[in-house]
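A short write-up of the structure that comes next.
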Amino acid sequence: MLNTFESTLMRELHENEDYKENLDSTVINIIEIVDSNIGKLKGFINGEKCHCTSITLSLLEDGIEILFNEEFNNNIEIQTPDISDSQTSIITIEKSDEEVDSVPALRKSSSVSSIGDVMNSHQSNKSVIIKDLISHNNLLERFPPSGSKLDDYEIIEPLGQGSFGFVRRAKKKASDEEVIIKFIVRSNILRSSWIRDNNTLIPHEIHILLYLSKIYPFEGIQNILDYWQDEFYYYFVLESDHDIDLFEYIETFEIDIPTAREIFLQVVKIVHHLHTHGIVHMDIKDENIIINKESRKVKLIDFGSSSYYNDGTIFKHFVSSGDYSAPETFTNKYEGPPQDIWSLGVLLYTIIFKRVPFEVKPTTLLPSSISAPKLGDVYKNSSNSIQSNTKKIMMNYNEIKFPDDFKKENPKLYELLKLMLNKDYKKRPNIKSVLEHPWLNPKVDDK
């Protein structure tokens, strides 16, 4: 049934003028047979000119009917936010042709405003990527899956669930080895989260963890042990641990300044490893860091929003978590490393004060589900938009609040926080400058 459907689908698409003109280089993945009697399937469409979008396909006598289950529109831009101090911004997202080119591309900067001596040498925005990195191309050919399947494991307990999948602790039946298995729902993977490796589409998260585990391993990153897929999920197996997340640790334990420095320095070293190897995490937060309660060793987890980057790479999808999101990420055109630096600033503030410095509520950012037209109707109007829809994002980027005398008592810590949480992304330090900051490299009696 599926083979018949796919062959008919391909024939119809390649004969469809709208498809050839507007949706070339597009991938359609089928994940579920809804009704085999009438030839109805569910899947998603993903390509250069459309977001990863849920679709329902029906096999008709005279062709294929494609219905979009959610909003189909790649021309979503937003007004550049006013991110000056002491105000709350309401950002209105309007979808129109005029707005597509209204947000200027971000410019690479070669300098940064400095406060401390470590920032005065114009090093803050220079490249930190190591030269002559081993290529991450053809990883799947170099490190293929072992051939294991889910039946080879015994599920022990659930560990969590997110927007794109869920996590289970498991045990390998053949060896009793305890592992963690992450299930990624194929239909939930965003367009920006795919990478093509030797003509095979695979989620960034698996590809990047494979690259790090097999070629550039690091103590603070879980190693991937195996991976595979079926028609519904991508699966990957990680080393097991019994640590708690940093959110719980912050809520449970009192953290003094030296302990905060010890924890934060480990995270900075992990991010330094990522950035120097051409990778951005894009979702650094306390819930994505695990810590051992006894040793206080930490690991950065959940690479679901991560991506490879080169100097000057512009990202166009909002992927970070609200309270940890830098102001520029709401423009849908931003660079990755400064977002990670901002998130590190939020993280350090949160460790110290047990609260986030800003309140961000992108509650209506995601598109709502609607009844959408057929493929041929999508491009009939000039705006390339199915419906007129306005969304608003509440961002409260007021001046950061500190306790009285905090700056006087902790001048270097205060300086580092202000540098990382600079609302102008061009003036934030790069990860090398953060790692070299005096607060993270204290002398005797330094604060």
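In table form, for the structure just shown:
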| read-out | value |
| --- | --- |
| Residue match in the stretch 375-398 (condition: at pLDDT 75 or above and either in contact with a strand residue (DSSP E or B) (Cβ under 9 Å, 6 or more places away or on another chain) or closer than 27 Å to His275 by Cα (or both)) | no |
| Residue count for the stretch 272-292, restricted to those that are assigned to a loop (DSSP other than H, G, I, E, B) and under 15 Å from the mean Cα position of the chain (by Cα) | 6 |
| So Glu231, is it under 17 Å from Ile270 (Cβ atoms), surrounded by fewer than 21 Cβ atoms within 10 Å (Cβ to Cβ) and out of contact with any helix residue (DSSP H, G or I) (no Cβ under 7 Å at 6 or more places or on another chain) | no |
| Tally of residues being in contact with a Ser or Thr (Cβ under 6 Å, 6 or more places away or on another chain) and closer than 17 Å to Tyr233 by Cα across the stretch 163-186 | 1 |
| Subset of the stretch 133-146 that is touching a residue at least 40 places away in the same chain (Cβ under 8 Å) and not in a helix (DSSP H, G or I) - its residue that is surrounded by the most Cβ atoms within 10 Å (Cβ to Cβ) | His136 |
| Enumeration of residues in the stretch 179-202 that are out of contact with any His (no Cβ under 9 Å at 6 or more places or on another chain) and assigned to a strand (DSSP E or B) | Val179, Ile180, Ile181, Lys182, Phe183, Ile184, Val185, Arg196, Thr200, Leu201, Ile202 |
| Single residue of Ile270, Ile291, Ile284, Ile314 found to be in contact with a Phe, Trp or Tyr (Cβ under 8 Å, 6 or more places away or on another chain), over 27 Å from Ile352 (Cβ atoms) and of a type in the set (A, V, I, L, M) | Ile314 |
| Which listed residue, of Ser192, Ser307, is in contact (Cβ under 8 Å) with a residue 40 or more places away in the chain, assigned by TED's automatic domain parsing to the domain that holds Gly160 and not acidic (Asp, Glu) | Ser192 |
| Residue pairs meeting the criteria (Cβ under 7 Å; at least 6 apart or on separate chains; first in the same structural domain as Glu219 (by TED's automatic domain parsing), in the stretch 264-292; second assigned to a strand (DSSP E or B) and buried (at least 22 other Cβ atoms within 10 Å of the Cβ)) | none |
| Hits in the stretch 158-178 (condition: in a loop (DSSP other than H, G, I, E, B) and either aliphatic (A, V, I, L, M) or over 12 Å from Asp302 (Cβ atoms) (or both)) | Lys173, Ala174, Ser175, Asp176, Glu177 |
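Okay, residues lined up against (1) farther than 17 Å from Ile208 by Cα; (2) in a helix (DSSP H, G or I); (3) modelled with pLDDT of 85 or more:
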position	(1), (2), (3)
Gly312	yes, no, no
Val319	no, no, no
Thr329	yes, yes, no
Pro337	no, yes, yes
Asp340	no, yes, yes
Ile352	yes, yes, yes
Val356	yes, no, yes
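Conditions tested, residue by residue: (1) part of a helix (DSSP H, G or I); (2) touching a helix residue (DSSP H, G or I) at 6+ places or on another chain (Cβ under 7 Å); (3) at pLDDT 95 or above.
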residue: Leu225; (1), (2), (3): no, no, yes
residue: Val237; (1), (2), (3): no, no, yes
residue: Asp241; (1), (2), (3): no, no, no
residue: Glu251; (1), (2), (3): yes, no, yes
residue: Thr259; (1), (2), (3): yes, no, yes
residue: Ile270; (1), (2), (3): yes, no, yes
residue: Glu294; (1), (2), (3): no, no, no
residue: Lys299; (1), (2), (3): no, no, yes
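Yes/no matrix, rows are residues, columns are (1) hydrophobic (A, V, I, L, M, F, W, C); (2) surrounded by fewer than 17 Cβ atoms within 10 Å (Cβ to Cβ); (3) out of contact with any strand residue (DSSP E or B) (no Cβ under 7 Å at 6 or more places or on another chain); (4) in the same structural domain as Val268 (by TED's automatic domain parsing):
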{"position": "Gly165", "(1), (2), (3), (4)": "no, no, no, no"}
{"position": "Val179", "(1), (2), (3), (4)": "yes, no, no, no"}
{"position": "Arg196", "(1), (2), (3), (4)": "no, yes, yes, no"}
{"position": "Thr200", "(1), (2), (3), (4)": "no, yes, yes, no"}
{"position": "Tyr211", "(1), (2), (3), (4)": "no, no, yes, no"}
{"position": "Ile215", "(1), (2), (3), (4)": "yes, yes, yes, no"}
{"position": "Gly220", "(1), (2), (3), (4)": "no, no, no, no"}
{"position": "Leu225", "(1), (2), (3), (4)": "yes, no, no, no"}
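The values are calculated or read from the model by the stated rules, or taken from the named source; none is laboratory data. Please read these numbers as outputs of a predicted model, since none were measured by experiment. When we count neighbours, we look across all protein chains shown, and the Cβ atoms used for this are built from the backbone with ideal geometry, even at glycine.
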